[in-house]
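*Asks:* Let me give you the structure first, and then I'll get to my questions.
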Protein chains: 2
Amino acid sequence: MMNDVRMYIPTYADMLAAQERIKPHIRRTPVLRSDHLSALTGADLFFKCENLQEPGAFKVRGASNAVFGLDAEQAKLGVATHSSGNHASCLSYAAMRRGIPCNVVMPRTAPQAKKDTVRRYGGKITECEPSTTSREETFARVQAETGGDFVHPYNDPRVIAGQATCSKEFIEQTDGLDMIVAPIGGGGMISGTCLTLSTLAPETKVIAAEPEQADDAYRSFKAGHIIADDAPKTIADGLLVPLKDLTWHFVQAHVSEIFTASEEEIIEAMKLTWKHLRVVMEPSSAVPLATILKNPAAVKGKRVGIIITGGNVDLDRLPWTKN
Amino acid sequence: MMNDVRMYIPTYADMLAAQERIKPHIRRTPVLRSDHLSALTGADLFFKCENLQEPGAFKVRGASNAVFGLDAEQAKLGVATHSSGNHASCLSYAAMRRGIPCNVVMPRTAPQAKKDTVRRYGGKITECEPSTTSREETFARVQAETGGDFVHPYNDPRVIAGQATCSKEFIEQTDGLDMIVAPIGGGGMISGTCLTLSTLAPETKVIAAEPEQADDAYRSFKAGHIIADDAPKTIADGLLVPLKDLTWHFVQAHVSEIFTASEEEIIEAMKLTWKHLRVVMEPSSAVPLATILKNPAAVKGKRVGIIITGGNVDLDRLPWTKN
């Protein structure tokens, strides 16, 4: 499914090209502050609000870079992916903006709201059984039938170069940071952050934040090689997927530290952010604040940037309510 | 309680002076967009997010203008008010920043969360019974004992001039709007909006939005004189108070239209905004969108500014959940 010629390590120049390419299609999201949250952590906190992208997640950056980078011939055939999360809706959104087809393979058990969003953006869903075998078979068939270009959710240099534009803006908007903390799942955002900072601001540390109950990146980082979780379970449903070769390259080379947090700590940090920063964000996006609250010595007195990665959440089923 | 010498109509020059005075103490809040909400209404929507002020409401503008405008002698004695809402916490916040006392008279039945916020900002609460008589008696006693300067939640020229700075920023941030829609309760924000626009952008209409179940401003506007509601009941708890002489002056002179919305329409608009704009806001702040969705002909194809007035809400008791 993966075209080998694409498996190169994206560079700072790729990020700059992505920035130009996607500018008309994404928002330069605001950086918000909360004196109260800063006081709670002892750090000077800056929140880069990627939840305020139109489709509600940073993944619109990588998706737009892939979609708008296609040549005219490939564009006619469109794009394809397998995902039940923000990548699926962001890829559909980008494809809709370019007016090209987007095929998404999604387990039939995925939440109805996720399916609705993909369809609202014109994505065509093919359902599979909720197993790796069924997903791979179904995706191979869809790709053969449509000729759509496979855009992997994170292990794709075009996607990583797109996500990398976020920390370029973040550094510009803040006049520099001592560290940036972002959640880690497959590692697309963290890889993009490493890509940009290692050239633009090598003195700014990159810290990854991960749920204890899906800590494959943490264990891989300690072991020095990729360890995949068996069947991680966490409320931070954007962070269930494992690292792959490209993202592992960036993590092992540039990440300073991986911090973890428990489910209760993630929910508490999510509620604190809703209350004091007053933005709607996903559980995954609360993991950085949760880990900072646990590790005050690491951030005390520092200028700390937190990337709020997404804001697509079921408002009828919030983790701190009973229903 | 009201010092007569203060009852003048604030001017554009007062707004400009307020802007300079409060600049270090408030945020220039961002203007956010949602293509989806624009498409739903047929208008080009711009949301001025005053819920993103540190204490979570536009009222920090008027409160800061009053507090930082006091001379040194009065400042020693501090300020005083009666309120159980955002004015109390914003006045406490401004007084804390200047390091002066703030006395707040609040019904003992007010929500614990509101009391906690006032105390977190150093405000001193004196409880009264939940009746007008008790509130007035208690407030008179507190003011006599402390000498605190009375800062009315809205019927005060310093407060109106402070709130007026919001639409100055809004016009600058958007390069002009066909209309601005804001909620109306006592009329402080609407009066400030009229004050600024009548000089800066007289072609921009001012539309007030009000809950059907607390429609005293609507009925006053139609009758041509102030009509107070008996005991309004609405989920938009920031909008329960009646117009007073100063705010009535601005409403009758400059407001183009008052639109109303039902409780269900307000809740639906609140949820839509949380979902698609991804900010946490109060029911009161949803009234403008609710009225626009009901009156598409009035906004079709127009550049419409909506002021999101506040974001202090009990996350454990959202109006669309059962608990």
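The values are calculated or read from the model by the stated rules, or taken from the named source; none is laboratory data. The structure presented is a predicted model; accordingly, all values stated were derived computationally and were not measured. Please note: Cβ atoms are built from the backbone with ideal geometry, for glycine as well, and neighbour counts cover all protein chains shown.
*Asks:* Taking the residues in region B:42-65 that are among the aliphatic types (A, V, I, L, M) and touching a helix residue (DSSP H, G or I) at 6+ places or on another chain (Cβ under 6 Å) as candidates, determine which candidate is surrounded by the fewest Cβ atoms within 10 Å (Cβ to Cβ).
*Replies:* First, pick out the residues of region B:42-65 that are among the aliphatic types (A, V, I, L, M): B:43, B:45, B:52, B:57, B:60, B:63.
Add one more test, that the residue is touching a helix residue (DSSP H, G or I) at 6+ places or on another chain (Cβ under 6 Å), and what stays is B:43, B:45, B:57, B:60, B:63.
Values: B:Ala43: 22, B:Leu45: 26, B:Ala57: 28, B:Val60: 29, B:Ala63: 36.
Here the answer is B:Ala43.
*Asks:* Then there's this: For region B:278-298, how many residues meet the condition of being touching a residue at least 24 places away in the same chain (Cβ under 8 Å), surrounded by fewer than 24 Cβ atoms within 10 Å (Cβ to Cβ) and hydrophobic (A, V, I, L, M, F, W, C)? Show your work before the answer.
*Replies:* Taking region B:278-298 first, the residues touching a residue at least 24 places away in the same chain (Cβ under 8 Å) are B:279-296, B:298.
Cutting the leftovers down to surrounded by fewer than 24 Cβ atoms within 10 Å (Cβ to Cβ) gives us B:293-296, B:298.
Subsequent filtering for residues that are hydrophobic (A, V, I, L, M, F, W, C) retains B:293, B:298.
So the answer is 2.
*Asks:* Residue check: is B:Phe68 hydrophobic (A, V, I, L, M, F, W, C), farther than 18 Å from A:Lys48 by Cα and in contact with a strand residue (DSSP E or B) (Cβ under 9 Å, 6 or more places away or on another chain)? Quick ask: steps written out before the conclusion?
*Replies:* Numbers: hydrophobic (A, V, I, L, M, F, W, C): yes; farther than 18 Å from A:Lys48 by Cα: yes; in contact with a strand residue (DSSP E or B) (Cβ under 9 Å, 6 or more places away or on another chain): no.
So B:Phe68 does not fit the description; no.
*Asks:* Scan region A:199-221 for residues that are crowded, with 20+ Cβ neighbours inside 10 Å and more than 17 Å from A:Thr260 (Cα to Cα) and jot them down. Step through it out loud before you land on a result.
*Replies:* Of region A:199-221, the ones crowded, with 20+ Cβ neighbours inside 10 Å are A:204, A:206-211, A:214-218, A:220-221.
Answer for region A:199-221, where residues must be crowded, with 20+ Cβ neighbours inside 10 Å and more than 17 Å from A:Thr260 (Cα to Cα): just A:Thr204.
So that you can scan it fast, the table gives a plain yes or no per residue for (1) assigned by TED's automatic domain parsing to the domain that holds A:Gly69; (2) of a type in the set (Asp, Glu); (3) under 19 Å from A:Glu54 (Cα atoms):
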site	(1), (2), (3)
A:Val104	yes, no, no
A:Gln112	yes, no, no
A:Gly122	yes, no, yes
A:Arg135	yes, no, no
A:Arg141	yes, no, no
A:Glu145	yes, yes, no
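*Asks:* Between A:Gly310, A:Gly305, A:Gly301, which is at pLDDT 95 or above and either within 14 Å of A:Lys205 (Cα to Cα) or aromatic (Phe, Trp, Tyr) (or both)? Outline the logic, then answer.
*Replies:* Working: A:Gly310 fails: either within 14 Å of A:Lys205 (Cα to Cα) or aromatic (Phe, Trp, Tyr) (or both); A:Gly301 fails: either within 14 Å of A:Lys205 (Cα to Cα) or aromatic (Phe, Trp, Tyr) (or both).
The unique qualifying residue is A:Gly305.
*Asks:* Okay, moving on. In region A:135-149, which residues are surrounded by 15 or more Cβ atoms within 10 Å (Cβ to Cβ) and part of a helix (DSSP H, G or I)?
*Replies:* Listed by number, the residues that qualify are A:Arg135, A:Thr138, A:Phe139, A:Val142, A:Gln143, A:Thr146.
*Asks:* Need the failing condition index for B:Val159 against (1) in contact with a Ser or Thr (Cβ under 8 Å, 6 or more places away or on another chain); (2) crowded, with 23+ Cβ neighbours inside 10 Å; (3) among the β-branched types (Val, Ile, Thr), just the number.
*Replies:* The number of the failed condition is (1).
*Asks:* Scan (1) surrounded by fewer than 19 Cβ atoms within 10 Å (Cβ to Cβ); (2) under 16 Å from the mean Cα position of the chain (by Cα) for the single condition A:Val241 breaks and write down its number.
*Replies:* Against the list (1) surrounded by fewer than 19 Cβ atoms within 10 Å (Cβ to Cβ); (2) under 16 Å from the mean Cα position of the chain (by Cα), A:Val241 comes up short only on (1).
*Asks:* For region B:45-59, enumerate the residues that are touching a Leu at 6+ places or on another chain (Cβ under 9 Å) and either within 14 Å of chain A (Cβ to nearest Cβ) or modelled with pLDDT under 95 (or both). Lay out the reasoning, then the answer.
*Replies:* We begin by selecting, within region B:45-59, every residue touching a Leu at 6+ places or on another chain (Cβ under 9 Å); these are B:45-49, B:52, B:59.
Correct list: B:Leu45, B:Phe46, B:Phe47, B:Lys48, B:Cys49, B:Leu52.
*Asks:* For B:Trp274, work out the one condition from (1) touching a residue at least 24 places away in the same chain (Cβ under 8 Å); (2) buried (at least 21 other Cβ atoms within 10 Å of the Cβ) it doesn't fulfil.
*Replies:* Unmet condition: (1).
*Asks:* Could you tell me which of the residues B:Thr132, B:Thr109, B:Thr196 is crowded, with 17+ Cβ neighbours inside 10 Å and of a type outside the set (A, V, I, L, M, F, W, C)? Give the steps one after another, and end with the answer.
*Replies:* Working: B:Thr132 fails: crowded, with 17+ Cβ neighbours inside 10 Å; B:Thr109 fails: crowded, with 17+ Cβ neighbours inside 10 Å.
When all the criteria are applied, what remains is B:Thr196.
*Asks:* Is it fair to say B:Gln19 is more than 14 Å from chain A (Cβ to nearest Cβ), touching a residue at least 12 places away in the same chain (Cβ under 8 Å) and under 23 Å from B:Val104 (Cα atoms)? Spell out the reasoning first.
*Replies:* Working: more than 14 Å from chain A (Cβ to nearest Cβ): yes; touching a residue at least 12 places away in the same chain (Cβ under 8 Å): yes; under 23 Å from B:Val104 (Cα atoms): no.
Criteria not met by B:Gln19.
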